[in-house]
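What follows is calculated from the coordinates using simple rules that are stated; it is not laboratory data. Keep in mind that this is a model prediction, so the values were computed, not measured. Note that we place each Cβ from the backbone using ideal geometry, even for glycine, and neighbour counts take in every protein chain shown.
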Amino acid sequence: MFLGTQGRGKNNGRPKLKFGSDTLMHDGQKVVVQAHAVSKPDADTLEVTLGRGARLVPMSVYRALVKIVVSVLDEELLPDLTKTFEWVRYGLHSDQPLPKVEMATIDLPPDPSAQITVYTRRTPHPRLPHVIGEFRLGCYVLVFAVPFSTQDQWGLVGFFEDVNFQDTFRHYVAAAQWTEWDLSGTKPMALSPRLRFVKG
């Protein structure tokens, strides 16, 4: 499911993510975590370590994010993204460096639906990426550049720290502390998430 977490079937159409014997799901009102490894390091903090989840390929996650973006782009932009389509569909150009994906936790009310925002550059610029995607699910926000556009004059590695990007997208700079994710890996890995809840 790309554009929402509500579908059809079991659990009222809401997916239940499994991490070993632990689960994570949304019941329509709140996120429900069922886990075995829970600790309380201090009075205001609760830490939950989930078991091992399904194996995934980091680059496949990046390709899926980009696929969502290109599916909603204006047709006039598509001719510049031929290499992007080759990468998304067939994994071509995977030997080239990819920009990092930036992730932040934003203090917003939980929303069970995923949201996608797309920014496209309409005039030439030597440093700003041609297409930027923002994927939001609840309080989690991912910001990423769509790679391989012919409108980009550089490889976009480090785009988020570039002064031109930060001057243009000031709401990202002011919003939160960002974590850099390298999703260029091509080997499967298993997730074992750790969640930290702080009262405040």
Pull out a ≥ b ≥ c, the square roots of the eigenvalues of the alpha-carbon gyration tensor of the stretch 49-152, then state rounded if a/c is under 1.5, prolate if not and a/b is larger than b/c, and oblate in the remaining case. oblate
Between A175 and V32, what FRET efficiency follows from the Cβ-Cβ distance if R0 is 25 Å, with the result rounded to 0.05? 0.40
MRE, 222 nm, helices only [DSSP H, n ≥ 4, -39500 (n - 2.57), over the chain, to nearest 500]: -4500 deg cm²/dmol
State, in angstrom, two size descriptors of the chain derived from its alpha carbons: Rg to one decimal place and Dmax to the nearest whole number. 18.4, 56
State whether the stretch 150-200 is rounded, prolate or oblate according to the following rule on the C-alpha gyration tensor (a ≥ b ≥ c being the square roots of its eigenvalues): a/c under 1.5 gives rounded; otherwise a/b larger than b/c gives prolate, and the remaining case gives oblate. oblate
Under 24 Å between alpha carbons: how many lysine pairs meet that in the chain, if sequence neighbours fewer than 8 apart on the same chain are excluded? 16
What is the sum of charges around W181, taking Lys and Arg as +1, Asp and Glu as -1, for the other residues whose C-beta is under 12 Å from the C-beta of W181? -2
If every Lys and Arg gets +1 and every Asp and Glu gets -1 at its Cβ, then about the Cα centre the chain yields a dipole, in debye to the nearest 20, of 880 debye
How big is the gap, in Å, between the Cα center of the stretch 110-188 and the Cα center of the stretch 20-54? 29 Å
Among V57, V38, V143, what is the fewest-to-most ranking by other Cβ atoms within 10 Å? V38, V57, V143
I need the shape label for the stretch 93-200. Rule: rounded when a/c is under 1.5, else prolate if a/b > b/c, else oblate, with a, b, c from the alpha carbon gyration tensor. oblate
Contour minus Cα-Cα distance for K187 and E76 (0.36 nm per residue): 36.5 nm
